[in-house]
Structures are given as C-alpha cells and as structure tokens.
Amino acid sequence: MTFEYAPAPESRAIVSIKPKYGHFINGSFVAGKKHFPTINPATEEILSHISLGGLSDVDKAVAAAQKAYTKTWSKLSGKERGKYLYRIARILQERAREFAVLETLDNGKPIRETRDIDIPLVAAHFFYHAGWADKLDYAGLGHSPQPYGVAGQIIPWNFPLLMLAWKVAPALATGNTVVLKPAETTSLTALLFAEVCQQAELPDGVVNIVTGDGSTGAAIVNHPGIHKIAFTGSTDVGKKIARAIASTDKKATLELGGKGANVVFDDAPVDEAVEGIVNGIFFNQGHVCCAGSRLILQESIADEVIEKLKVRMSKIRVGDPLDKNTDLGAINSKEQLVKIKELSAIGDAEGAERWSPQCNLSDKGFWFAPTIFTGVTQAHRIAQEEIFGPVLSILTFRTPQEAMDKANNTPFGLSAGIWSEKGSRIFWASQHLKAGVIWANTFNKFDPASPFGGYKESGWGREGGKHGLAAYLKTGKETGVK
Ligand code: NDP
C-alpha cells in the first residue's frame, strides 16, 4: 500500500519583494533607468522588475569600490575585516528562511535544497573566510600578501546566492572591494544580500551590486578600474572574458562548464551508487557545472544498475518548488528549457534510447522530467556537450582502463565520481581521472575549505580553501614589498 504525500508548501509570507529594484552602489540603492522583469520559473508570475545596468552604472560602482578600497577597507586590519564577515554570516543565518524562500521563488529550485544546502553553505563560506581574514600572513602565501583592489565578479543563475558567497567572502577577507553582477534571471537574493550589507554596517562601497545582462557583465570585465575578475558561467562567455583581458594585467579566475563522469565499478555498493547517481545529476535540476552527467557503468552490472535507477527515478517528486516534499523543481528559464529539449532531441536522433518516469508536468512554468539516455556512445553530442538539465547519458565499459579513457574523453575536466569498494581501485582511478574535483562513493559534496575548479575548458584557477584566497592576493614580487 502506498500513501500520497499531502501538500506541504512553505509559506512565502516571509519575503517582501519590491515591485522594482535599482542597483546597490556606495551603500545605497540607486534607481536604474531601464528595467526588465524577473519571473518565478515555476509559474511564470512576474516577481519584480530589475534594473539593466549600463556603462555609467558600472562606472559609478567601480568608483565607489575604488574609493572604499583606498579610504576604508585597505586601512582596516584583517581582524576588523573578519568581524564584518562574521556579522554578515550571522545575519545570513538569522534570515536563512527568508533567503531560502526568495531563492526558490526566483530560481525554481526546491525549498528542500535552498533551505538545507544553498543557504547553510552561504553562511559557511562567510564564517570560513572570516576566520582567514587575520591569518593571511600565515596562509603559506608568502610574506604580507596584498589585495588587488577592486574585484569584478560575474555569477550565474544556478546557485545565485551561493555563487555570490563564493565570490564576495574571499574578496572581502583578503581586503579587496567588489562590483558584482548577478545573472539576469536571478538577481533577487543578491539584492537582499545588499540589505544584509547595510544591516551589518559594512562600510559604503565595499560591496556594490549592478544588475543587468551580458552587456553589463562585459562592461565590468572591460572597466580599467577592475584589477581582478572572478567569473562563473558558460565556457563560451569564459573564453570571451579571457580574450577581453588578454592584453591587460587583470587577473582572472574562470569557473566554467563540465561533463562530469560518474564511474561505477562492478564491486560498487549498487544501492548507494544509485543514490549517488541520482544526487549527481538530478540535484538542482541538473543545473550544476560539476553534475555527474555521464554515467560510466561496468558492463557486468549495467542492467542491474539501470533497473534500480529507473525504480528510484520513479520516486522523484517533480513539482511546486515551495513544497517541502519536492525533489526536482522548475527549469530556470524558457531559454534553458529550449536548450535541454534541443540536446535531448539530438540524443534521440543520434540513436540513444530515452527513458523518463511518468510525471505530471504543469502547463505553466518550465519543466523537464528526469531523463536517462542508454546506448550512448562517445561520439554522441549528449556525451560531449553540457546539457545543464536533468538528463543523464549512460555509457558502459569492460576494463578499468577503458573507463578512464572514456571518462577523460571530454573537452572539460571539472568533476568525476568513483564507485568501488576497493580503496586501491579508488586511488588508482583518482590518479587517472583528469578532473579538478573527484568524489569517491559520494557526489556533489561541497565545503568552503575545499578548493574547487577544473582543467581544460572547465576553467582557470580555484575557488575555496587556501587556493581560493591566493586568487585574490598579490604575492612575492607582485606586492612590491621587499
Ligand atoms: P552565461 O555564461 O551567459 O552567464 C553567466 C554570467 O555571465 C551571467 O551573469 C551573464 O549575464 C554574464 N554574461 C553573459 N555574457 C557576458 C559577457 N559577454 N561578458 C561578461 N559577462 C557576461 O550563461 P547562461 O546563463 O547564458 O547559460 C548558458 C549556458 O551556460 C547554460 O546552458 C549552461 O550550459 C552553461 N552554464 C554553466 C554554468 C556553470 O556553472 N558552469 C552556470 C550557468 C550556465 P546574463 O545572466 O545577464 O546573461
């Protein structure tokens, strides 16, 4: 006998969304000239109108950040900067529910994830970096490492507030000031974060947020007052940024796409592996740069794993992101849904076999059922390109070396997973996989102390941990300190 889940919607009463937002520059909200709507992707309801930042807005934000850098932030001791970061972290914890509901409304991801993963990790990033602020001289980065000045930060829509935290917390801890642009479809939590900066009495101009589209991002990248760029997003835009700064002395970290391999050996604990496969690709609707979007199964256990995976996928609850029972929410935008549908249709046309469980998808909003493709070969586009949705491509292998060859046969190198009971096999495989992050018998686990980043077309540099601090600091001869 099975029981139906009763609806368990989280109330949205805790959030108050303004009809229109300006930019956050020099500690205050300033009106924008042009606006565009931001919608709830689960219902297509217009939530608010966001300012489209132009060159003059970026100019003002950079000027405010420069002034704050020279007059205030660079004069504070690490201990004082740390106090602000601790304060921000605590306010984020106090307002966690408000942030979780707002993120779910604007992004479409389930409240279970914003409440239990995104927002706690956001606070953890600020706590972690607060701890570093007065210890930079002891971080093994050389004598008296120095900040760059103003950091330009451009973030995507898949983890809006978490990507802000990944960028803002290390920049502030290391003594830089910030001009940040959130993604066009998900600006609301960044704007609420601006209120947290006010509440924490962060000095004016230390954090500036200019909303807008790709042209706003390009204006930040090209601004001569920006000394360091931190970008997370698509490989295409990452390449544009690399070209734009090639003839300048701007530093950059680029966190780009991925096509993570999740390799399951025949000695793996199958039930745990199935959970890990589901978490690897269906977490956050598959809008995850390090998603385990290629499952590489040892042939002898492939039928068993696929059978169990189908049973497990039939239990994934797709629907209202605010419902606490929902596992898979809405696709973030119409454009992303079109891209997922197009690449999936290419999978059909190239001869892979598609399977999805029965799902009742709403007519309103943007939805895509959890999907697997079997019979995928390395030549298939769905084995090579980032779909960035809840779609898993399944390949098989016979020997461990073949698994490694297939896993590494991608232009990316961001993440990989290994499932095996043998420690020796895990060590062997982790030495052969060309990926910045490798999980063993788990997937999609994040911690602020752990560096994150990729090889090849997955980007440059690392964020998080000690490595992430280094990206915001001049060291050695660069500092001019003898
Ligand atoms: P983009 O790379 O276009 O967007 C990331 C950020 O960069 C956004 O804030 C965007 O602004 C901004 N941006 C866009 N163009 C420029 C530019 N020329 N110079 C500076 N900044 C710019 O990703 P999309 O949102 O368009 O998604 C496209 C694809 O990218 C997805 O289908 C997915 O495959 C991949 N992706 C990968 C992510 C990852 O973490 N690896 C994250 C997001 C997407 P705006 O939002 O206004 O366009």
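The values are calculated or read from the model by the stated rules, or taken from the named source; none is laboratory data. In this text the structure is predicted, and so the values were computed from the model without any measurement. Cβ sites come from the backbone with ideal geometry, for glycine too, and all protein chains shown count toward neighbours. For the accessible areas, the whole protein counts, side chains as well, though only heavy atoms, and no ligand, DNA or RNA atoms are used. Shrake-Rupley method; radii C 1.70, N 1.55, O 1.52, S 1.80 Å.
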So what is the relative contact order of the chain, in percent, for Cα pairs below 8 Å that sit 6 or more residues apart? 18
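Checking the table 308/364; 135/251; 324/406 against a 28 Å threshold on Cα-Cα, which pairs fail? It would help to have the intermediate numbers written out before the result.
On the way: 308/364 31 Å; 135/251 23 Å; 324/406 38 Å.
Cα-Cα > 28 Å for 308/364; 324/406; rest within.
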So what's the angle, to the nearest 10 degrees on a 0 to 90 scale, between helix 299-313 and the longest Cα principal axis of the chain? 70
DSSP beta bridge pairing in the chain, given as percent antiparallel to the nearest 5: 35
Could you work out the relative contact order of segment 350-482, using alpha carbon pairs under 8 angstrom and six or more residues apart, expressed as a whole percent? 15
Packing-based order for 264-274, 453-463, using average beta carbon neighbours within 10 Å, highest first: 453-463, 264-274
Is the C-alpha gyration tensor of segment 1-104 telling us rounded, prolate or oblate? Criteria: a/c under 1.5 is rounded; beyond that, a/b larger than b/c is prolate, otherwise oblate. oblate
Specify the inter-centroid distance of segment 212-267 and segment 35-109, based on alpha-carbon positions, in whole Å. 20
Compute the Cα gyration tensor for segment 56-95, then decide on rounded, prolate or oblate, letting a ≥ b ≥ c be the square roots of its eigenvalues: rounded whenever a/c is under 1.5, prolate when a/b is larger than b/c in the other cases, and oblate in all that remain. oblate
Share of accessible surface on carbon and sulfur in the chain, whole %, 1.4 Å probe and ligands ignored, is 53
Looks like segment 181-229, by Cα gyration tensor root eigenvalues a ≥ b ≥ c and the a/c under 1.5 rounded cutoff (else prolate when a/b is bigger than b/c, oblate otherwise), is oblate
Cα-based helix-to-principal-axis angle, 78-94 vs the chain, degrees rounded to 10: 50
Cα atoms only, the chain: Rg and Dmax in Å? 22.3, 75
Count the DSSP beta bridges whose two residues both fall in segment 319-449, then state the antiparallel fraction as a percent rounded to the nearest 5. 30
Relative contact order of segment 266-376: what whole-number percent is it, with Cα pairs under 8 angstrom and at least 6 residues apart? 22
Any idea what log10 I(q)/I(0) is at q = 0.14, 0.16, 0.18, 0.19 Å⁻¹ for segment 201-266, Debye with uniform C-alpha scatterers and no solvent? -0.53, -0.64, -0.75, -0.81
Working from Cα positions, state the angle (0 to 90°, nearest 10) between the long axis of helix 96-107 and the longest principal axis of the chain. 70
Ranked from highest to lowest mean number of other Cβ atoms within 10 Å per residue, what is the order of the peptides 115-124, 306-315? 115-124, 306-315
